[in-house]
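Contents: one structure, followed by commentary.
The values are calculated or read from the model by the stated rules, or taken from the named source; none is laboratory data. Because the structure is a prediction, the values reported are computed rather than measured. Virtual Cβ from ideal backbone geometry, glycine too; neighbours counted across all protein chains shown.
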Ligand SMILES: [Mg+2]
């Protein structure tokens, strides 16, 4: 489980998936602040405090990253993040509908902590989130 003051950043463009993650966190009794970015560019602004966006402080203990995002793909986001000295060591878990081996390989090249294919049922989704949180035990 995450510490009390630790925050989570969800990078996801799909409204339904955002709500599903929020509900799955609630179901797992996680009350840590959840920040949501709808694009990778918006997420970078939130992590850096650039372009007039308030910086997430302290930086999130966990980033949940969708790969199929508008403008900048999740993989491009990872590439950018790992080049940034202040952000390069953040913990990232990919949460995507892509089961493509090339996406998985690309994500692990950027040292993500885990790669989870979005489950179809809410119960499975809740269990997937529980498994993610267990990594922080
Ligand atoms: Mg998407």
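Observations on the model:
- Looking across the stretch 22-32, just one residue is under 11 Å from residue 10 (Cβ atoms) and surrounded by fewer than 15 Cβ atoms within 10 Å (Cβ to Cβ), and that is 22.
- Each residue in the stretch 34-72 was checked for being within 16 Å of the ligand (Cβ to nearest atom) and at positive phi, and 1 pass.
- For the stretch 1-20, the candidate set comprises residues that are in contact with a helix residue (DSSP H, G or I) (Cβ under 8 Å, 6 or more places away or on another chain) and assigned to a loop (DSSP other than H, G, I, E, B); within that set, the residue that is modelled with the highest pLDDT is 12.
- The residues of the stretch 1-28 that are closer than 21 Å to residue 68 by Cβ and either more than 16 Å from the chain's Cα centre (by Cα) or within 14 Å of the ligand (Cβ to nearest atom) (or both), listed by number, are 10, 11, 12, 13, 14, 15, 16, 17, 18, 19, 20, 21.
- The single condition among (1) under 22 Å from residue 57 (Cβ atoms); (2) touching a residue at least 12 places away in the same chain (Cβ under 8 Å); (3) away from the ligand (no atom under 13 Å from the Cβ) that residue 31 does not satisfy is (2).
- Meeting the requirement of 2 or more residues that are out of contact with any strand residue (DSSP E or B) (no Cβ under 6 Å at 6 or more places or on another chain), touching a residue at least 40 places away in the same chain (Cβ under 8 Å) and under 24 Å from residue 33 (Cβ atoms), the helices (runs of 4 or more DSSP H) wholly within the stretch 59-137 are 74-83, 122-134.
- Just one of (1) surrounded by fewer than 18 Cβ atoms within 10 Å (Cβ to Cβ); (2) assigned to a helix (DSSP H, G or I) fails for residue 53. It is (2).
- Among the criteria (1) more than 22 Å from residue 76 (Cα to Cα); (2) assigned to a helix (DSSP H, G or I); (3) touching a helix residue (DSSP H, G or I) at 6+ places or on another chain (Cβ under 7 Å), the one residue 30 does not fulfil is (2).
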